[in-house]
Amino acid sequence: MGQILKVDNINVYYGAIHAIKGISFEVNEGEVVTLIGANGAGKSTTLQTVSGLLRSRTGSIEFNGEDLAKIPPHLVVRKGLAQVPEGRRIFQQMSVEENLEMGAYTRDKSELEGDLEMVFKQFPRLLERRRQIAGTLSGGEQQMLAIGRALMSHPKLLMLDEPSMGLAPILVEQIFDIIRQLNEAGTTILLVEQNAQMALSVAHRAYVLETGKITLSGTGKELAESDQVRKAYLGG
Amino acid sequence: MEFLSYLISGISLGSVYAIIALGYTMVYGIAKMLNFAHGDVIMVGGYISLTAMLSMNLPPIVAVLLAMVVCTVLGVIIEGLAYKPLRSAPSLAVLITAIGVSYFLQNSALLVWGANPKSYTPVIEGAMKIFDGKLSISYISLLTMASCIVIMIVLTLFINKTQLGKAMRACSEDKGAAMLMGINVNRTISVTFAIGSALAAIAGVLLCSSYTSLMPTTGSMPGIKAFTAAVFGGIGSIPGAFLGGILLGIIESMAKAYISTQLANSIVFAVLILTLLIRPAGLLGKYVPEKV
Ligand SMILES: Nc1ncnc2c1ncn2[C@@H]1O[C@H](COP(=O)(O)OP(=O)(O)OP(=O)(O)O)[C@@H](O)[C@H]1O
Ligand SMILES: [Mg+2]
């Protein structure tokens, strides 16, 4: 199991606000790793920095041994790193199929049909609605579309930012089942969640982020049982 | 018959507005900025085509192509030098820059081609007579309307069917998400400016061929009218720019014919204001409810 992502001592600022204060973590091939933390801890900031939408002032981000610091975000995808951003951010005025096509932007056109088939197999709901305008999908369908769109690029590492946000409990279960399946099928996953319980149940390893710093790390099981995590994130 | 003749000249004028408005609306849709220099690119297109026809003796079609190439390059350079560095600046800074670029182009034209109006040689002359010669439609009017329709169809197909067109729509909705898809947003914005500027060149040739006079400020008023047309139809919407342009041309032509030549512009803007009071997003502008 090689290391696929290695984040070393990154510091990220929004103007004068020091949002990420020297964090380091890594993700190994085949793992599900989760970053948990309260609102404003810096989880989304971390993912955006890995994708290149934000820049760290220090340290390095290595993906498959290659430094991402100088690579513009639109080229990061081509390296095999996809992100499902917070709030889904699907293209509301485009159809379901066009959203998926955008996910396949970096792929060869001849492979589009096969890729669409793969996503539709995973999400039959999207197949029924392939011509529907994405903004009119339900919240759960939109989340499936956001995940499907990211899968279209055939990522080696899939980063998900709060996929359970705003979904009914039954849909949350469904999304986590999908995460498990994707991982079993070979995709490495970095999952950001506020729903610590669910996240820790699927994760091999986990990190706790508090106001821009990593305060705790361990296996999913260890953290689920730790007093600190139970008090702060699991309600007892 | 008189009415029909005014209607046709209105549609023809409106077609020019529509072609210009398409450039405004595409740039607005994707770069979220009002490129106030767009009207002046029309003027540059006019001068380039005139110079090509008169001084270089090139056939009109070559002159048009040359004007398109020059304006495309100009548009891309303007975007790269003046607007790109301001990508994350407040929109007021971008607006002021665009006004600056507009003055820069007008004054450069003043320097190169002088202040005196030049008479423009229409790319085609003559008119078609119908109803026993009671109604005459100039060939340039026909060419203008036909160009507008062709441009509209090609652009719609491009935006809806091609990968680059879809990428443009993705950028116009969410640049961050577009980057996450692997779309080169900067390049997409450049392409948008290139298309808009090429259209401005065509509009310049058609406009000057109808009004046969050209000076450094020639582009301003049509530019502002076309901007009005884009807002009228719903800024950011391609069918909106088309509809807004045509309607504006008809309203202007009718107002000139039946109300007052002096008041025509006031009437055009009054219609815009009334429309926006009733439909703030313009005729075809839409609000898409966002799910959170
Ligand atoms: N665009 C921005 N400008 C200024 N400050 C920001 C910006 N985005 C985030 N921040 C600040 O950075 C910190 C980290 O934000 P971030 O969005 O990464 O948190 P998060 O852990 O993802 O929270 P949530 O669970 O609510 O999504 C917060 O204090 C936030 O206020
Ligand atoms: Mg977040």
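The values are calculated or read from the model by the stated rules, or taken from the named source; none is laboratory data. Predicted model, so just to flag it, every value in this text is computed and none were measured. Cβ placement follows ideal geometry from the backbone for every residue including glycine, while neighbour counts extend to all protein chains displayed. We work out accessible area using only protein heavy atoms, side chains counted, and drop any ligands, DNA or RNA first. Shrake-Rupley method; radii C 1.70, N 1.55, O 1.52, S 1.80 Å.
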key: Accessible-area composition of chain B, carbon plus sulfur, in percent [1.4 Å probe]   = 70
task = Would you mind giving the three semi-axes, in whole Å and largest first, of the ellipsoid equivalent to chain A according to its Cα gyration tensor?
result = 28, 21, 16
ask   = With every protein chain left in place, what is the accessible area per residue of the range B:18-218 in square angstrom, probe 1.4 Å?
value = 42
Residues losing 30 Å² or more accessible surface upon assembly, the range B:171-187, compared with the chain by itself, 1.4 Å = B:173, B:174, B:177, B:179, B:180, B:181, B:182, B:183, B:184
key: the range A:1-122: C-alpha pair distances exceeding 26 Å, %   = 30
request  = Mind ranking B:185, B:112 by accessible surface for me, highest first, 1.4 Å probe?
outcome  = B:112, B:185
note = By the Kirkwood definition, with r running over pairs of different Cα atoms, the range B:133-292 has a hydrodynamic radius in Å of 17.8
task = List the relative contact order of the range B:1-92 as a percent without decimals, with contacts defined as Cα pairs under 8 Å and 6+ residues apart.
result = 19
query = Classify the range B:201-292: rounded, prolate or oblate, from the alpha-carbon gyration tensor (a ≥ b ≥ c, eigenvalue square roots; a/c under 1.5 rounded; otherwise prolate if a/b is larger than b/c)?
reply = oblate
remark   = Excluding ligands, DNA and RNA, the carbon-plus-sulfur percentage of the accessible area of the range A:89-154 with a 1.4 Å probe reads 47
message = With a cut-off of 8 Å between alpha carbons and a minimum separation of six or more residues, what is the relative contact order of the range B:18-218 in percent?
response = 42
task = Filter the trypsin sites (Lys or Arg not before Pro) in the range B:132-218 to those in DSSP coil with at most 11 other Cβ atoms within 10 Å of their Cβ, and list the result.
result = B:134
message = Suppose we compare each residue of the range A:62-82 in its chain alone and in the full protein complex with a 1.4 Å probe; which ones drop by at least 10 Å² of accessible area?
response = A:73, A:74, A:77
ask   = So what's the back-of-envelope 222 nm ellipticity for the protein assembly as shown, counting only DSSP H runs of four-plus at -39500 (n - 2.57) apiece and dividing by all residues, rounded to 500?
value = -18000 deg cm²/dmol
remark   = For residue A:129, the accessible surface traced by a 1.4 Å probe with all protein chains present amounts, in square angstrom to the nearest 10, to 70
Buried accessible area, chains B and A (both chains, 1.4 Å probe, Å² to nearest 100) = 2400
key: Coil-residue GluC sites (Glu not before Pro) of the range A:25-100, DSSP, other Cβ within 10 Å capped at 15   = A:29
inquiry  = Only four residue types carry charge here, +1 at the Cβ of Lys and Arg and -1 at the Cβ of Asp and Glu. Report the dipole size of chain B about the Cα centre in Debye, rounded to the nearest 20.
reply    = 540
task = Just grab the label-to-label distance for residue B:128 and residue B:258, each label 7 Å out from Cα along the Cβ direction, in nm (one decimal).
result = 2.5
message = Explain nothing, just the number: relative contact order of the range A:89-154, from Cα pairs under 8 Å at least 6 residues apart, as a whole percent.
response = 55
task = Over chain A, give the accessible area per residue in Å² for a 1.4 Å probe, as an integer.
result = 42
query = Counting only residues 5 or more places away or on other chains, whose amide H sits under 5 Å from the amide H of residue A:69 once H atoms are built in the peptide plane?
reply = A:61
query = Does the range A:89-154 come out rounded, prolate or oblate by the C-alpha gyration tensor, with a ≥ b ≥ c the root eigenvalues, rounded set by a/c under 1.5 and, if not, prolate when a/b is larger than b/c and oblate if not?
reply = prolate
request  = Using only atoms on other chains, find how many Cβ atoms lie within 10 Å of each Cβ of peptide B:157-167 and report the average.
outcome  = 2
task = Name the residue farthest towards the positive end of the dipole of chain B from the options B:42, B:117, B:194, assuming +1 on Cβ of Lys and Arg, -1 on Cβ of Asp and Glu, about the Cα centre.
result = B:194
query = For the range B:1-131, rounded, prolate or oblate, judged on the Cα gyration tensor with a ≥ b ≥ c (square roots of eigenvalues), a/c < 1.5 rounded, else prolate if a/b > b/c?
reply = oblate
